[in-house]
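Peer 1: Before anything else, here's the structure in question.
The values are calculated or read from the model by the stated rules, or taken from the named source; none is laboratory data. For clarity, every value in this text was computed on a predicted model and none was experimentally measured. Here the Cβ is made from the backbone with ideal geometry for all residues, glycine too, and neighbour counts use every protein chain on show. Side chains included, ligands, DNA and RNA excluded: accessible areas come from the protein's heavy atoms. Shrake-Rupley method; radii C 1.70, N 1.55, O 1.52, S 1.80 Å.
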Amino acid sequence: MDVRYPPEAETYREKVQAFLAEHLPANWQGIGALGHEEAAAFTEEWRTTLYENGYLAVSWPKEYGGQALSPLEQVILAEEFTKAGVPQGGPNDVFGIQMVGNTIIQWGTEEQKQHFLPRILSGEDRWCQGYSEPNAGSDLGNLGCKAELDGDEWVWTSAGHLANWIFVLTRSDPSVPKHKGISFLLVPMDQPGIEVRPIKMISGESEFNEVFFTDARTPKDHVIGEPNGGWAVAMTLLGYERGEAAATNPIRYRNELDRLIALARDHGKTDDQVIRQRLADAHIKVEIMRYLGMRALTAYLQGGHPGPEASISKVYWSEYHQQSTELAMDILGLHGLVPTGRPPASAFQTDDPGAPNDSASWAGVFLNARAGTIYAGTSQIQRNIIGEMVLGLPKEPRADGGSWSESSKR
Ligand SMILES: Cc1cc2nc3c(=O)[nH]c(=O)nc-3n(C[C@H](O)[C@H](O)[C@H](O)COP(=O)(O)OP(=O)(O)OC[C@H]3O[C@@H](n4cnc5c(N)ncnc54)[C@H](O)[C@@H]3O)c2cc1C
């Protein structure tokens, strides 16, 4: 692990800081300081500013509208944006730019790159992810959403509310072993065969959805990689989903811990020995997160790609976050039962930088943190990956040999 940045990092950092100073309003405190509607309007406008100034999709090659930034510059950019409390894009850009865009760059044909990438950048196409099914969450390879070629189109026989495109894993050949008959398809959502039903979450919000496909259609050439060869494409995408947090998480969780300590002070709990001990434990864990981040970044800056080690970071932040938000609720005591003030704007990870230290913020994040150990792969699945792929332990016994159509009946 190398804890220092090379000198050229500072030159780029100054450039990003100058851009932020020029484009953010005076007295900017972070997007969390805005009300929900104001924050949504700011994000939309900010995304346009990023697009016009070349700060979106910065890792993409220049010919596809990116900036071809070096890994070091990408890391500095992510750090400075997180410190300033501004988003790196719009709400669907994690799916559009980070996941499917990067995957198209790696696996797509030239026509697919020319068609889809500019539309992702301009915001015309907003993406969501259709991976999990009721019997294929952790066991993703078991997916059953069936697609068949009918002439020139694929047809189905079996943060979606903001998206107009979905990337889906489909069972295109049930007669071969389960990982071999999957195709990765790009599907327009604006058609009668696709129905989006919001799921009400424990927090009362509806930030994710069920998507139903009934005779939905997409053109034949909207398959990424080979037909029936979608599993390798799907795994590439998961690497992008799980990998990028090393630079930003330590900053986000440090900010949140500072708010937590302020909360303890406000509620007169800093003399309580048990609370003090739990705050110290949280401090230790955030420091460990920082070192884990440095280890991942060192490997990344030396040319490595986010691999199974990203699972260590995923388990660590998601389990830490349940502990730190439980501590917040214990500090709040009865105030936590009657939350007041501004709830978090998003169901994912910490509240936004600059958010007021309200009981509604902590109660919302406490509830949302329950999902952190489920989405993007549960803690148990991450531990299996760490055991098998990082530590080299024996693989889990499997009972699903033979064709998918046979093994799915077992
Ligand atoms: C807030 C939220 C947002 C989401 N967003 C999306 C999205 O945008 N797109 C999308 O496609 N999906 C999304 N998901 C779905 C998510 O990927 C799945 O919920 C997740 O992969 C777990 O699958 P499951 O819910 O089917 O649980 P199951 O796979 O049924 O697991 C149930 C329990 O069994 C354990 N388990 C299962 N297999 C093993 C094993 N082999 N060894 C040990 N333990 C095991 C699990 O850890 C878990 O505790 C989202 C989920 C949440 C909660």
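Peer 1: Computed FRET efficiency, Cβ-Cβ of residue 52 and residue 281, R0 45 Å: what is it to the nearest 0.05? Don't skip to the answer; put the middle values down first.
Peer 2: Working: r = 45 Å, r/R0 = 1.00.
Efficiency for this residue pair is about 0.50.
Peer 1: So, one more: Working from the alpha-carbon coordinates of the stretch 8-152, get Rg over Rh, Rh being the Kirkwood radius.
Peer 2: Values: Rg = 18.0 Å, Rh = 17.3 Å.
Here the Rg-to-Rh quotient is 1.04.
Peer 1: Now for a different question. Working from the alpha-carbon coordinates of the stretch 227-271, get Rg over Rh, Rh being the Kirkwood radius.
Peer 2: On the way: Rg = 19.6 Å, Rh = 13.7 Å.
With Rg and the Kirkwood Rh in hand, the quotient comes to 1.44.
Peer 1: Over 13 Å, how big is the tail of the calculated P(r) for the stretch 1-47, in percent of all Cα pairs? Show your work: numbers first, answer last.
Peer 2: On the way: 741 of 1081 pairs.
In whole percent, the share of Cα-Cα pairs in the stretch 1-47 beyond 13 Å is 69.
Peer 1: What is the Cα radius of gyration of the stretch 104-205 over 2.2 N^0.38 Å, N being its residue count? Spell out each step's value before the answer.
Peer 2: Numbers: Rg = 15.0 Å, N = 102, 2.2 N^0.38 = 12.8 Å.
Working it through for the stretch 104-205, the quotient is 1.18.
Peer 1: Hey, another quick one. Where both partners of a DSSP beta bridge lie in the chain, what percent of those bridges are antiparallel, to the nearest 5? Present the calculation step by step, with values, prior to reporting the outcome.
Peer 2: Numbers: 24 of 30 bridges.
Here the share of antiparallel DSSP bridges comes out near 80 percent.
Peer 1: Can you list the residues, at least 5 places off or on another chain, whose amide H is less than 5 Å from the amide H of residue 373, using H built in the peptide plane?
Peer 2: For residue 373, whose amide H was placed from the backbone, there are no distant partners under 5 Å.
Peer 1: Please compute the volume of the convex hull spanned by the alpha-carbon atoms of the stretch 295-405 and report it per residue in Å³.
Peer 2: Working: hull volume 20.2 nm³, N = 111.
Spread over its residues, the Cα hull of the stretch 295-405 gives 182 Å³ apiece.
Peer 1: Report the Stokes-Einstein translational diffusion coefficient (µm² s⁻¹, integer) for the stretch 176-316, Rh taken as the Kirkwood radius over Cα pairs, at 20 °C with viscosity 1.002 mPa s.
Peer 2: Numbers: Rh = 19.4 Å.
D = 110 µm²/s.
Peer 1: From the protein chains alone at 1.4 Å, what is the descending order of accessible area for 115, 335, largest first?
Peer 2: Numbers: 115 80, 335 105 Å².
The ordering from most to least exposed comes out as 335, 115.
Peer 1: On to the next question. For the stretch 1-84, which semi-axes, largest first and in whole Å, follow from the square roots of 5 times the eigenvalues of its Cα gyration tensor? Walk me through the intermediate numbers first.
Peer 2: Numbers: eigenvalues 118, 60, 24 Å².
The three semi-axes for the stretch 1-84 are 24, 17, 11 Å.
Peer 1: Each label point is 7 Å from the Cα along the Cα-to-Cβ direction; what then is the distance between the points at residue 261 and residue 288, in nm?
Peer 2: Roughly 1.9 nm, to one decimal.
Peer 1: Return the FRET efficiency for the residue pair residue 396, residue 18: r is the Cβ-Cβ distance, R0 is 45 Å, and the value is rounded to the nearest 0.05.
Peer 2: E(calc), rounded to 0.05, equals 0.30.
Peer 1: Okay, helix-only estimate at 222 nm for the chain: each DSSP H run of n ≥ 4 adds -39500 (n - 2.57), divide by all residues, round to 500 deg cm²/dmol; what do you get? Let's see the in-between values first.
Peer 2: Details: 12 runs with 179 residues, N = 410.
Value at 222 nm, helices only: -14500 deg cm²/dmol.
Peer 1: What does the charge add up to near residue 126, with Lys and Arg as +1, Asp and Glu as -1, over the other residues with Cβ less than 15 Å from its Cβ?
Peer 2: Numbers: positive: 47, 119; negative: 44, 93, 124, 125, 190, 207.
With Lys, Arg at +1 and Asp, Glu at -1, the net is -4.
Peer 1: Also: Select from 142, 174, 101 the residue farthest towards the positive end of the dipole of the stretch 99-192; place +1 on Cβ of Lys and Arg, -1 on Cβ of Asp and Glu, and compute about the Cα centre.
Peer 2: Result: 142, furthest along the dipole toward the positive end.
Peer 1: Counting other Cβ atoms within 10 Å, which GluC sites (Glu not before Pro) in the stretch 55-132 have at most 16 and lie in a DSSP loop? Could the numbers behind the result be given before it?
Peer 2: Values: sites: 63, 73, 79, 80, 110, 111, 124; in loops: 124.
Listed in order of number, the matching sites are 124.
Peer 1: Taking Rh as the Kirkwood radius computed over C-alpha pairs, what is the Stokes-Einstein D of the chain at 10 °C in a medium of viscosity 1.306 mPa s, expressed in µm² per second? List each step's numbers first, then the result.
Peer 2: On the way: Rh = 22.8 Å.
It diffuses with D of about 70 µm²/s by this estimate.
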